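Take a look at the structure below.
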Amino acid sequence: MVSEEKGLPESFAPGEKNPKGGGIDLATTKNVKWVAKLGTMSCSTPAVAGGKVFIGTASEGQGVLLCLDEQTGKLLWQLTCPPRDVPKVIDGRKFWFSVFPPTLGICSSPAVDGDRVYVVTQRCEVLCLDVNGLTNGNDGPFQDEKHYASKPSKETGASEAGEADVLWLFDMWDLGVRPADACNCSVLVHGDMVYVCTSNGVDRDADASKRDEFRKPPAPLAPNLIVLQKKTGRLVATDEEPIAAGMLHGQWSSPSLGRVGDKTLVFLGGGDGACYAWEALSSVPEKPVKLKKAWSLDCNPPEYKVFGDLDLITHYSRGDRRRKDTIIGKNDGTFAGMSEIIATPVFHNDRVYVAIGRDPEHGRGRGALWCLDAGEGARGPSRAVSARKGSGFRVQGSEPGRVGPEGFRVQGSGAKNEGSGIRGQGAMALKRL
Ligand SMILES: [Ca+2]
């Protein structure tokens, strides 16, 4: 999360497509070593480790993970996940998870640990893969690679160079998880454990409905954060926070970790706009246990939640430009409501930095960037005030889409991006965020 890397290029130019075909003309780029063609859409951040680059993408309705050579961009192997057959309707309402994953593909940013790479598929699964693919044989208990091959493989699907080697698979759908729109977590690997945010969500025809009370999570009791044994994929722990009760849209943050005093804590942004911390597991339990919560902080200040008598959790989508009953009477998506946490909390020097925002498709959220005491956090809205004035700070912009007039500012570049959302991951380098 925090890098001491130096000598990074300050700028780059992605270049122009060669009019004769063959992709980008390298001669038109700046500070670019190679260009590799991905799929039709890529929401994943690339991970670089051991001379390889891992990145998720989408192709022909399938989720794809590519493993490229770091020096040349050459494709080494590829995981291809077919669409999942899920209900088109739940409780009489359209279930959008049946629609979006084929377009979005694998959104998860892969995590690499030694010779293993961990990724969440668009099918709501956690996969552990061999960084070398099938070139060194089909390892692990999972032997059904033919279902995750880019082309029909020879009978068993085994030992075919250029394909992914799945070591184990854990299906979060079987835990009752019902995501909204997408599964995206970049997993956290620590000790013998893998921590995964489930992407459980609220999914109820948000754009078309005037009956907002139907916007409830299909799976209110499903876990938000799960822990798997790193070697086997066995479930060893789940959280028990009632995040779904206040969830705005989806549980899309990724976990991070920090050592605070004598405790190791795992941090996660909630789909309810609160930041959570749990104690990390120190050993692998024999049977699944409940994670012990250390603290949580509601990152929506009281003034963000008030608009007359309207409950902004239930009416999350009333700023959506596609709705005719928008709150401020303008059908332009400019209403700024409550925000959730989609960003990853960043731990550094006993502090946690976390930003709130929202899926801009449903109207803009009010942004805030918090700096929290990593050891204490807060235990309710009253502590949110003291965190702003005391142990932490908050920067807040007056305009949706901007965060912080006092040195922090995030916005799209160029007029073409005006009004669009920013969904990238932040990082900290050389003490700058
Ligand atoms: Ca295998």
What list do you get for 327, 243 if you sort them by fewest beta carbons within 10 Å? 327, 243
Just rank 262, 203, fewest to most, by other beta-carbon atoms within 10 angstrom. 262, 203
Part-to-part distance (alpha-carbon centres) for the range 240-284 and the range 309-334, which is given in Å: 29
Dividing the mean separation of Cα pairs under 8 Å (6+ apart) by the residue count of the range 202-285 yields a relative contact order in percent of 21
Which order do 177, 194 fall in if you start with the one that has the fewest other Cβ atoms within 10 Å? 177, 194
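Can you give the extra length, in nm with one decimal, that the chain gains between residue 221 and residue 245 once fully stretched, where that is 0.36 nm per residue apart less the Cα-Cα distance?
7.7 nm
Excluding residue 36 itself, what net charge comes from residues whose Cβ is under 15 Å from its Cβ, given Lys and Arg +1 and Asp and Glu -1?
Local charge sum for residue 36: +2.
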Longest to shortest principal axis, alpha-carbon extents of the range 17-66, angstrom: 29, 29, 14
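Only the coordinates and a few stated rules stand behind these numbers; no lab work does. Note that this is a predicted model, so its numbers are computed, not measured. Note: ideal-geometry Cβ built from the backbone for every residue, glycine included; neighbour counts use all protein chains shown.
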